[in-house]
């Protein structure tokens, strides 16, 4: 027996020796050993892989990066150890933020992958095409009774017959329906026109129906959360995506014959090489005329249809021929347009959109059903009670008729205890009224009863259209069943998916260290006002005016100026005002005295307003001002023309470069003080947790 124990001990020691050779210890923190494999995994993820992609990186640079990261990582682990010792991992704010992050991170794992892939491909394909459609809506509450739903369906089918079979105008019928439901609504010639849209701009059932239509075709009734729609496809444009930046020239006109010569003259000048920016000054769009006519970052929904057709086949830099709309004549120039990225670049955006879209409901429902099969979750309302085996009937006796199959549970008890107040979203109850503990749903972790479903209904209730209680409760139970199934799958994610568990843990550690740094360094520097003042007094004496690195701690030359704005040049000639102010400046008069002298030189009977002259005083820094021209950076008095009047600027004093006080340079010194506090903390942590970096092992690592 002793021999066997000795053999096992030798084998174990040999195994440990082999591990020490193949995976040596790089860092030790408070007795915790961080081996080369763990260290290099972190290093490559944060530094090594990026270095490998760079060209011309020397071995010396790679070695330095490895050593610097070892220092940072050792301190990170020491901070993590100290943060745990101080209970940072239990902070309510941290736990709340981590919970929200985990929820977002888990979402892609809690959907059916096959359904999701199909929906992603569908969305990407549709993103290549933009539609213009009109719709007619018959409002129907989401939870309407079957009778109300049927009534609305029959009504909209009758309207469709008038349009499709009888040839009535779609927009006219839409206008008629709109004014039936809202008599005060204004009338529009193309009632129901939604303009252009693409994927995710409309609710999913509407989008599905629209993309299935041909131009000019009218859909069958489409049911959405808003009611029943008829959709008429007006246009389909390929190749437009995202935003466009363009410039336009617009000449207002109600008649295509009016101003046609003017727009053609502008077009001829464009063809002859006159710049678009210069000619855009003639545009009637005064908001863009002085800016070259630029309309930046416009989306499809913001553009008239004629603009879209003008730019759809343009290349950047090209301009259109003149075209006429209901607003007048136009010429547009394409400056920049977005292009559709590869699907992999859009997946994150698409998935985020799908969580708020009915697409998400489809993949969620499928996934919930898969969860019930995978984890053996039992819906007791659809699971039969095991029946005794049938026996053969004796001779001469009739065989008894088969009894209906019974389920393990029903919703009858729950339905009987839900009051009509749930329709108004105000149902309240005491838990004690639910005495039946028969399980409705059974998961490996819990058995859910009518009381649990009641709490779910209470939490998610809202005012709805009048509907049968049993119909409403059964719908809510289906939601509850899916929610419970997905919640259980969610609870198993860390156990089943190593990648997910690592991501959550990485974020938890990062969040904990962020809060630790905030309390121990960043906020500590703000709280320690006395220490900060001492730091400033010490550090400010080391700053050198001739050192370029210290320039941020010094003021550039500054000018002390008095500005007097005269609103109307007819009230007082500019040169006369300058002379008055110059004399006052030479006599060291104050700003209010300067204003009084100007007002004294104005004919107050003709110009009685007290607001004719405004005065202000400022101290401007040479490199951070637009007030003074280069030749005005000296003592004197200068005229600056304004839109209707002018401004007199009196430069009273030029101040040389000087050291900034604590208030003016607070941000720069605060950053330095925080760095100093961190250095002190790092030294304390190294000693407290006996931090060791095995540099002999570091020198053997190559990557």
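Structure above, values below:
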| quantity | calculated |
| --- | --- |
| Residue among 458, 430 that alone is exposed (fewer than 12 other Cβ atoms within 10 Å of the Cβ), out of contact with any strand residue (DSSP E or B) (no Cβ under 8 Å at 6 or more places or on another chain) and at pLDDT 95 or above | 430 |
| Selection within the range 210-223 - within 16 Å of residue 174 (Cβ to Cβ) and outside any loop (DSSP other than H, G, I, E, B) | 210, 218, 222 |
| Contacts under 7 angstrom Cβ, first residue in the range 164-176 being free of Cβ contacts under 8 Å to residues at least 24 places away in the same chain, partner assigned to a loop (DSSP other than H, G, I, E, B) and surrounded by fewer than 18 Cβ atoms within 10 Å (Cβ to Cβ), 6 or more apart | 175/187 |
| Subset of the range 552-572 (residues that are farther than 30 Å from residue 598 by Cα and exposed (fewer than 14 other Cβ atoms within 10 Å of the Cβ)) | 552 |
| Index of the failed condition, residue 533 passing every other in (1) modelled with pLDDT under 95; (2) surrounded by 11 or more Cβ atoms within 10 Å (Cβ to Cβ) | (1) |
| Every residue from the range 82-93 that is farther than 11 Å from residue 509 by Cβ and in contact (Cβ under 8 Å) with a residue 40 or more places away in the chain | 82, 86, 91, 93 |
| Looking only at the range 563-587, and only at residues there that are closer than 22 Å to residue 618 by Cβ and assigned to a loop (DSSP other than H, G, I, E, B), the one that is farthest from the chain's Cα centre (by Cα) | 587 |
| Residue match in the range 356-363 (condition: surrounded by 15 or more Cβ atoms within 10 Å (Cβ to Cβ), part of a loop (DSSP other than H, G, I, E, B) and outside the structural domain of residue 252 (by TED's automatic domain parsing)) | yes |
| Index of the failed condition, residue 653 passing every other in (1) surrounded by 12 or more Cβ atoms within 10 Å (Cβ to Cβ); (2) in contact (Cβ under 8 Å) with a residue 60 or more places away in the chain; (3) under 16 Å from residue 585 (Cβ atoms) | (1) |
| Any chance residue 571 is assigned by TED's automatic domain parsing to the domain that holds residue 647, within 30 Å of residue 606 (Cα to Cα) and at pLDDT 95 or above | no |
| Test: residue in the range 179-192 that is touching a residue at least 40 places away in the same chain (Cβ under 8 Å), in contact with a strand residue (DSSP E or B) (Cβ under 6 Å, 6 or more places away or on another chain) and not assigned by TED's automatic domain parsing to the domain that holds residue 462 | yes |
| In the range 253-286, the residues that are part of a helix (DSSP H, G or I), under 16 Å from residue 324 (Cβ atoms) and in contact (Cβ under 8 Å) with a residue 12 or more places away in the chain | 260, 262, 263, 264, 266, 267 |
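The values are calculated or read from the model by the stated rules, or taken from the named source; none is laboratory data. Predicted model, so just to flag it, every value in this text is computed and none were measured. Counting neighbours? That spans all protein chains shown, and the Cβs are built from the backbone with ideal geometry, glycine included.
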